[in-house]
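The values are calculated or read from the model by the stated rules, or taken from the named source; none is laboratory data. This one's a predicted model, so the numbers in the text were calculated from it and none came from an experiment. Because the Cβ atoms are built from the backbone with ideal geometry, glycine has one as well, and the counts that use them run over all protein chains shown. All accessible areas refer to the heavy atoms of the entire protein, side chains included, with ligands and DNA or RNA removed. Shrake-Rupley method; radii C 1.70, N 1.55, O 1.52, S 1.80 Å.
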Amino acid sequence: YEVFERMAYYGISSNLFIYLTKKLHQGTVRSANNVTNWVGTIWMTPVFGAYIADAVLGRYWTFLIASAIYLSGMSLLTLSVSIDPLRPAPCSDPTGANCKKATPMQLAVFFGALYTLALGTGGTKPNISTIGADQFDEFEPKEKAHKLSFFNWWMFSIFFGTLFANTVLVYIQDNVGWTLGYGLPTVGLAISIVVFLAGTPFYRHKLPTGSPFTKMAKVVVAALRKSSVPVPSDPKELYELDLEEYAKKGKYRIDSTPTLRFLNKACVKTGSTSPWMLCSVTQVEETKQMLRMIPILIATFVPSTMIAQIGTLFVKQGTTLNRNVGNFKIPPASLAGFVTISMLISVVLYDRFFVKLLKKWTKNPRGISLLQRMGIGLVFHIVIMFVASFTERHRLDVARANGLVENGNQVPLSIFILLPQFLLMGTADAFLEVAKIEFFYDQAPESMKSLGTSYSMVSLGAGNFISSFLLSTVSKITREDGHEGWIRNNLNASHLDYYYAFFAILNFLNFLLFLVVVRAYVYKAEVSDSMRVLREELVASRLKVTNEEAATN
C-alpha cells in the first residue's frame, strides 16, 4: 500500500512549486509558502487521525475511511488541472508577467482538493505504519527480532514509490501534461486501497483502547488537584491495579519511576476513587512516556525545516541552471529522486553492514541507540546547509560574471552542481528520519502507539510551518530600508547563499539543544521484560495465596 500511496503524495508535492509558479503564476515566496503550509497540514493532521484510531474507530477503520477521503481529494485535484473551467487559461509568456491570473473559483477548487487530500492523509499516515508494526508479536522473540529491521525496510519500500514520483511522474507533468501526471497517482492510490483490502483476513487487528488525550488529561488534572499531597517514599503505597487486571487485558504493568515526580501525585491514595482524582501507576507512567518525548520532538523541528527546502527553494535553484543532458531536459523537481536513491543505498548499507559491525562492539541489537542515530542525522543537516550555501555562492558568482543578474536568465552551469546537497539530504534521512519514526513508535506506550507514531509527523508538519514563517520573515526584514531582499522572484539577484548560511547556524544551535535534551532523556523499559516480570509476579502471588490456603487448612 505505502509504495503506491507515496507515489500519489510525492506525485503532487514534488512538483507543486512548479505548478504554482508556472500555471498559477505565483511569486517565489508565495509559492514556497503555499507548498510548505500545505505540506505542514499534511503532516499535522495525523494527530487527529491517531486520536480517532486510538479512541473511537480503531486503526483499521480509521485508515479505511481516511483512504476514501484521500482518494476523493486526489480525484478532484486531477479534475482541477484537466477541465477548462477549473484550470487556468494557458499562457506562452515564460515570465508569467502578462498571463491571466487564476480565478477565485479555480483557486478554491485546486486548494480545496489539496486540503481534502490532507484531511485524508491525517487518517492514513499514523495508522498504516502502526498496522504494519502490529503484525509483529512483541512477546515472540523471533518476531521481535524481525521488527528491529521493519522500519528500515518500511522506509525502503516507501521510497520506491517516491523515486517513481520524483522521476517518471515529474517528467510526465513537465513534458506530457498535468492531467496524466496527476491521473496516474490517483489510479495508483485506488489500486493501493484494493491491495490493502485484499489483506484484511490476514491482519492482526487491535481494538481501540480509549482516548490517549483523556488518559493523559486525567493524570495531569489529578496531580494538580493533589499538588499539596506528599508522595510516599515507598512506590508500593501508590495506587495500582491488580496483576490479574493487566493479565486479563493482555497488557503489562509499568513500575513507578522518579522522573517527572510531580505526576506521581496522581496515584497517591486520598480516599477518592474518581478517575480525575486517582490514577494507576501504569497510567501515570504512560503519560510520562509521552511527555518525556516532547523535548526530543522539539529538537527535530529544525531539520524538518531543512527537508521543506527540497520541494521549494532547491527546486527554484534548479530552474535557473542548465538542465540539458543531450536531447533530454531534466525536470528541476526530479533531483529529489537523488534524495531517494541516496536514502535507499544508505538504509541498506546501514542495516546490512553498519549495524552488524557496531553491535559486536556495543552489544546493542540496533548497533547504536536511536538517539545516537538521530544525532548523526542532525550533524549531516549542518553540513548540508553549508554545502548548499557555498554552491549557491558559486552560482551567483557565475551569474554576475555573465551579466545575468538583472535579466534572471539561465546560468551556464549544470543542474548537477546541486547534486551534493540532495545526496547528503538522503543520507541524513537514513539516519534521522528512520530513527525518528522508530523512536517515537518504540518509546510510546502500547495503548498510544498511533499517537506516538504521529509525533514524527508533527515534527515534519512543524518544520514546514516554521519554513513558511522564516521565509516570510527573512524576506520582509531583508527588504527593509530600501534593500533588495535575500529572496526574490529573480534568484540571480537574490542572496539565497546568506539564507542557507543562516540555516547552517540554526542547525548547529539546534544540535546543541539536542545534546542537552538527550542527556536528560530516560528510555522506557523493554516491553518484553515488563511482561516477563508481570508473569513472574503473578505466579508468585498465586503461589503465595495457595500456600496461605494450605497453611490455613
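Measuring nothing but protein heavy atoms, the accessible surface of segment 261-406 at 1.4 Å probe radius is 64 percent carbon and sulfur. Our note on the geometry: Cα centres of segment 226-297 and segment 320-347, 52 Å apart. Of the DSSP H helices in the chain, those that are both long (alpha-carbon extent of 27 Å or more along the helix axis) and hydrophobic (Kyte-Doolittle mean at least -1.0) are 58-80, 104-134, 141-164, 178-198, 370-401, 419-443, 449-477, 496-520, 527-552.
Over segment 306-372, accessible surface divided per residue gives 45 Å², non-protein components excluded, 1.4 Å probe. Accessible surface area normalised per residue over segment 1-54 is 26 Å², counting heavy atoms of protein chains with a 1.4 Å rolling probe. Using the Cβ-Cβ distance between Tyr203 and Glu245 with R0 set to 30 Å, the FRET efficiency works out to roughly 0.65. Evaluated with a Cβ-only charge set (Lys, Arg +1; Asp, Glu -1), the chain carries a dipole of roughly 280 debye about its Cα centre, given to the nearest 20.
Peptide packing: for 1-9, 19-27, the average count of neighbouring Cβ atoms within 10 Å per residue gives the ranking 1-9, 19-27, highest mean first. Restricting attention to segment 309-468, lysine pairs at least eight places apart or on different chains and with alpha-carbon atoms under 28 angstrom apart total 9. For Ile487, what residues show an amide H to amide H distance below 5 Å, using hydrogens built from the backbone and excluding near sequence neighbours? Result for Ile487 returns His495. In a DSSP loop and with at most 15 other Cβ atoms within 10 Å, the chymotrypsin sites (Phe, Trp or Tyr not before Pro) in segment 173-259 are Tyr203. The distance linking segment 107-130 with segment 298-315 is 20 Å (Cα centroid to Cα centroid, whole angstrom). For the chain, the convex hull drawn through the C-alpha positions has a volume of 184 cubic angstrom per residue. Taking 4.7 Å between beta carbons as the limit, the unpaired Cys residues of the chain are Cys267, Cys279. Projected label points at Met277 and Arg400, each 7 Å from Cα along the beta carbon direction, are separated by 7.3 nanometres.
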